[in-house]
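Please treat every number below as a calculation from the coordinates, not as lab data. It should be emphasised that the depicted structure is a prediction, and the values quoted were computed from it without experimental measurement. Using ideal geometry, Cβ is built from the backbone for each residue, glycine included, and neighbour counts are taken over all protein chains shown.
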Amino acid sequence: MFIDRFVRFLSFEKRYSPHTVTAYQREVINFSDYLNLHEIPVGEAGHRHVRSYLAGLSEQGMEPSSVNRAISALRTYYKFLLRERLVTQNPMTLIKAMRTPKRLPVVVEEAKLCAMLDASDVFPDGFEGLRDRLVIELLFGTGIRLAELLALHESDVDLFQGTVRVLGKRNKERLVPINPTLKSVYEKYIAEKKANFADNKETPLVVTKEGKPGYPKLIYRVVNKYLTMLSSQQKKSPHVLRHTFATSLLNKGADLNAIKELLGHAGLAATQVYTHNSVERLKSIYKQAHPKA
């Protein structure tokens, strides 16, 4: 089946992240279902068919950013089909992405987050409390992505050098420094983990209370639980802590290129979005402090 071959192509040749592979697979399956419903072979689909499909997504209330993800997935799909000589035309050449409003990264207040992590009565005693604190400390202290966190093993953490080795998108490795507090939490967590699961030496760093590998919903629940203590904002995902990490560094004067390397961005364009938050902060300070503001 074309889609199965496409998924293998994304995973092993393009080396896309599991999250991206799953998203692209879902988009292509939805489009294939649309073509099957209208009895249109994938090789005979034209740009009008694609536009009709995308228009349907918009009419269903899908956000422009989500429609653009579908466009990106279908562009990659048809490039693959052409390369494999499974089709002779590319209906995506005339399809343009939708305009999307620029959204500033959502962050939490740095002072409140640090106070929570330094408090002695926020995280419960025992393995789960230590694990949850390690999750928050890692996400905020290193700025790693959810998938990168779940892929970490104990061997990736070097306490002597004070770094963690992160396997990012497209299997690109980077070293990220870890702070003294994170080191301390890590050591306590590992000791508790070994005491509870002595036989599980090959498991990922973050595990469940049963000693099984951590999974995305677990991390979302942990992050949501503790960010709810700090803020009433609607978005409380692991990526909020990544945004907070980058914004905090920028506000403290860190070089944009250095932040880019720490985040594992391929180019500066993705990192520059954080400068908007910094500018908004400066505007706020100016408005409060300048006599003419």
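Summary of values
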item: Distance between modelled label sites at Ile40 and Asp121, nm, 7 Å Cα→Cβ extension; result: 6.3 nm
item: Answer label, with Kirkwood radius over Cα pairs in Å calculated from the coordinates and candidates [x] 21.8; [y] 19.0; [z] 24.0; result: [x]
item: Table column - 3J(HN,Hα) (Hz), region 119-129, Karplus curve with 6.51, -1.76, 1.60, x for Gly and Pro; result: 6, 9, 10, 8, 8, x, 5, x, 4, 5, x
item: Note, ³J(HN,Hα) from phi for region 51-64, Karplus 6.51, -1.76, 1.60, rounded to Hz, x at Gly and Pro; result: 4, 4, 5, 5, 4, x, 5, 5, 5, 7, x, 5, 5, x
item: Amide H contacts of Thr163 (H built 1.01 Å from N, under 5 Å, at least 5 apart or other chain); result: Asp158, Ile178
item: Residue with peak Gaussian network fluctuation, the chain [Cα springs, cutoff 10 Å], from Met92, Met116, Met62; result: Met62
item: Rounded tilt (10° steps) of 273-289 against the dominant C-alpha axis of the chain; result: 50 degrees
item: Test item: Cα-centred dipole of the chain, Lys/Arg +1 and Asp/Glu -1 on Cβ, debye; result: 1000 debye
item: In degrees, nearest ten, helix 216-227 long axis to first principal axis of the chain (Cα); result: 50 degrees
item: Net length gained if the chain between Glu63 and Thr100 were fully extended (0.36 nm per residue, minus Cα distance); result: 12.5 nm
item: Highest-MSF residue in the chain out of Leu81, Leu250, Leu37 [GNM, Cα springs under 10 Å]; result: Leu37
